[in-house]
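Reviewing the structure listed below.
The values are calculated or read from the model by the stated rules, or taken from the named source; none is laboratory data. Owing to the predicted nature of the structure, the values given are computational and were not obtained by experimental measurement. Note that we place each Cβ from the backbone using ideal geometry, even for glycine, and neighbour counts take in every protein chain shown. SASA here: full protein model, heavy atoms, side chains in, ligands and nucleic acids out. Shrake-Rupley method; radii C 1.70, N 1.55, O 1.52, S 1.80 Å.
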Amino acid sequence: MLLGIAADHGGYELKEYLSGKLREGGHEVIDFGDRKPQEDDDYPDFIVPLARAVAGGDVKRGIGICGSGVGASVAANKVVGVRACLIHETFSAHQGVEDDDLNMMCLGGLVVGHALAWDLVHTFLAAEFSGAERHCRRLAKVGDLERKL
């Protein structure tokens with residue numbers, strides 16, 4: 001699976017760890033930056049290009065990381081076609097994909113440890129959208145909101 005990953009300085013260490021684990025697992029990973037930890041970088045500079053790649057289908061799914069994961073989630077969801085969520089526990093990691101067709105997960109690099117983050121990413125990537133009528137109906141309503149912006 002072709003994946004995208006991005007982080008600011010608050011998520012840099014976790015991004016590097018996850019990128020390595022994903023590649024070891026056979027995934028192709030596009031790194032949208034930051035390429036080195038810089039205290040004065042800004043998460044939108046990396047998260048938005050990743051979100052655009054997810055929305056455009058250039059990558060199958062995305063992982064955005066900042067210090068708390070909150071800013072990454074806010075920025076990613078400004079891109080039409082992205083359904084991103086802050087994930088810190090396994091239920092949401094799979095349920096968000098199964099019910100809401102989540103295509104980007106956001107993590108807090110200063111909040112989630114490496115082992116838990118890897119478990120969350122693995123769960124997120126293994127999940128598939130159910131396609132249930134009620135979920136499609138709800139996603140259509142979200143799409144309507146995006147078109148009205």
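Numerical summary
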item	result
Accessible area in square angstrom per residue, segment 38-149, 1.4 angstrom probe	51 Å²
Peptides ranked, highest mean first, by Cβ atoms within 10 Å: ranges 44-56, 62-74	62-74, 44-56
Coordinate range along principal axes, alpha carbons of the chain, Å, largest first	42, 31, 26
On Cα atoms only, tilt of 133-148 relative to the major axis of the chain in degrees	70 degrees
C-alpha long axis of helix 90-100 to longest principal axis of the chain, angle in °	40 degrees
Unit charges on C-beta of K, R, D, E only; dipole of segment 55-149, Debye	360 debye
Highest to lowest packing among 35-42, 102-109, scored as the average C-beta count within 10 Å	102-109, 35-42
Around GLY108: net Lys/Arg minus Asp/Glu count, Cβ-Cβ under 14 Å	-2
Where only alpha carbons of segment 48-125 are counted, the Rg and the Dmax (Å)	11.2, 31
Proximal lysines relative to LYS21, as straight alpha-carbon distance under 27 Å, when same-chain residues fewer than 8 apart are discounted	LYS36, LYS60
